[in-house]
Amino acid sequence: MMKNRILNSYLDIFDLYQGERGDQAKSLAKCLEENFNFDYFEIIETGASHLDGCFGLYLAKIADDCGGIFSSVDIDPEILEKSKSTYFKFLPDFKINHHLGDSIEFLKKYDGNPNLVHLDSWDLDMKNPVPSMLHGWLEFEAIKEKMPSGSICVVDDNFLKGTHTFWNVSDLEGNLLYTEVIETTYDIVGKGSLIYHWSQKEDTDWDLIGDHYHPGKNVKLILKKR
């Protein structure tokens with residue numbers, strides 16, 4: 001029954017997720033159907049979703065449909081307000097716990113045991129990816145011990161070796177200056193780079209799951225805690 005509701009949550013908002021986002025939502029739906037064994041959802045997203053992608057809406061829809069709570073945190077008050085409006089538009093009767101502040105500090109202080117976490121804060125800059133990958137690791141480090149066995153952690157914006165990225169470079173006002181083609185020559189570059197390499201060690205209790213890890217597109221890492 002739970003697996004059917006997870007799939008229905010995806011189908012209900014499928015029209016919002018075409019192309020790359022659709023592939024990501026479909027991959028996560030498959031992983032949850034095959035690996036998520038809880039009868040409730042306690043979900044956190046870092047980096048508040050709004051209409052630009054708004055992947056968190058799928059997670060909130062799951063929590064609404066299947067029973068659970070959903071918390072979202074962002075350090076930017078303007079983005080947080082846009083996120084509130086977006087969630088209210090699509091899920092007016094579901095309570096979202098919106099938080100303004102640093103995501104790492106929020107996760108450190110979080111009083112609960114989330115079983116589904118989506119890490120998507122600190123925008124990735126392919127010309128300078130280290131700050132984003134470090135922030136992603138610090139978020140993961142702050143929450144992973146609070147997550148019970150069987151939990152799922154999802155990390156956005158990763159590019160595997162062999163991927164060619166068309167990267168737009170803009171000025172401080174947001175005006176496009178030029179587009180540069182960047183080739184990923186490392187095993188992986190993205191928000192989850194450090195988490196990915198750590199999870200491949202034999203002495204960790206997190207496993208990479210899913211069959212969607214192919215070069216050529218933006219990939220979400222999906223990990224399950226043993």
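Residues are listed down the side, and each one gets a yes or a no for (1) free of Cβ contacts under 8 Å to residues at least 24 places away in the same chain; (2) buried (at least 23 other Cβ atoms within 10 Å of the Cβ):
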{"site": "116", "(1), (2)": "no, yes"}
{"site": "122", "(1), (2)": "no, no"}
{"site": "125", "(1), (2)": "yes, no"}
{"site": "129", "(1), (2)": "no, no"}
{"site": "132", "(1), (2)": "no, no"}
{"site": "137", "(1), (2)": "no, no"}
{"site": "142", "(1), (2)": "no, no"}
{"site": "148", "(1), (2)": "no, no"}
{"site": "157", "(1), (2)": "no, yes"}
(message) Anything in the range 180-189 that is over 23 Å from residue 208 (Cβ atoms) and surrounded by fewer than 10 Cβ atoms within 10 Å (Cβ to Cβ)? List them, or say none.
(response) 181
(request) Quick one: in the range 98-107, of everything that is within 23 Å of residue 222 (Cβ to Cβ) and free of Cβ contacts under 8 Å to residues at least 60 places away in the same chain, which residue is surrounded by the fewest Cβ atoms within 10 Å (Cβ to Cβ)? (result) 104
(request) From (1) farther than 25 Å from residue 27 by Cβ; (2) in a strand (DSSP E or B), pick out the condition that doesn't hold for residue 174. (result) (2)
(request) Read through the list (1) in contact with a Lys or Arg (Cβ under 6 Å, 6 or more places away or on another chain); (2) of a type in the set (Phe, Trp, Tyr); (3) free of Cβ contacts under 8 Å to residues at least 12 places away in the same chain, then give the number of the only condition that residue 206 fails. (result) (3)
(message) Filter the range 63-100 down to the residues that are under 24 Å from residue 32 (Cβ atoms), among the aliphatic types (A, V, I, L, M) and out of contact with any Phe, Trp or Tyr (no Cβ under 6 Å at 6 or more places or on another chain) and list them by number.
(response) 69, 91
(message) Here is a check on your reading of the model: is residue 5 basic (Lys, Arg), at pLDDT below 90, assigned to a helix (DSSP H, G or I) and closer than 21 Å to residue 123 by Cα?
(response) no
(message) If a residue must be out of contact with any Pro (no Cβ under 6 Å at 6 or more places or on another chain), closer than 15 Å to residue 162 by Cβ and touching a residue at least 40 places away in the same chain (Cβ under 8 Å), how many such residues does the range 179-192 contain?
(response) 2
(request) Select from the range 159-171 the residues that are small (Gly, Ala, Ser) and either touching a Pro at 6+ places or on another chain (Cβ under 8 Å) or buried (at least 23 other Cβ atoms within 10 Å of the Cβ) (or both) and list them in ascending order. (result) 162
(request) Go through the range 65-85 and give me each residue that's farther than 24 Å from residue 109 by Cβ and either at pLDDT below 90 or of a type in the set (Lys, Arg) (or both). (result) 65, 66, 67, 82
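For residues that are acidic (Asp, Glu) and not in a strand (DSSP E or B), scanning just the range 48-88, find the one that is nearest to the chain's Cα centre (by Cα).
The selected residue is 52.
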(message) Against the definition (surrounded by 12 or more Cβ atoms within 10 Å (Cβ to Cβ) and on the phi < 0 side of the Ramachandran plot), how does residue 219 come out, yes or no?
(response) yes
(request) Please work out which residue is farthest from residue 154 (Cα to Cα), limiting yourself to the range 89-130 and to residues that are hydroxyl-bearing (Ser, Thr, Tyr) and in a loop (DSSP other than H, G, I, E, B). (result) 110
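The values are calculated or read from the model by the stated rules, or taken from the named source; none is laboratory data. For clarity, every value in this text was computed on a predicted model and none was experimentally measured. Note that we place each Cβ from the backbone using ideal geometry, even for glycine, and neighbour counts take in every protein chain shown.
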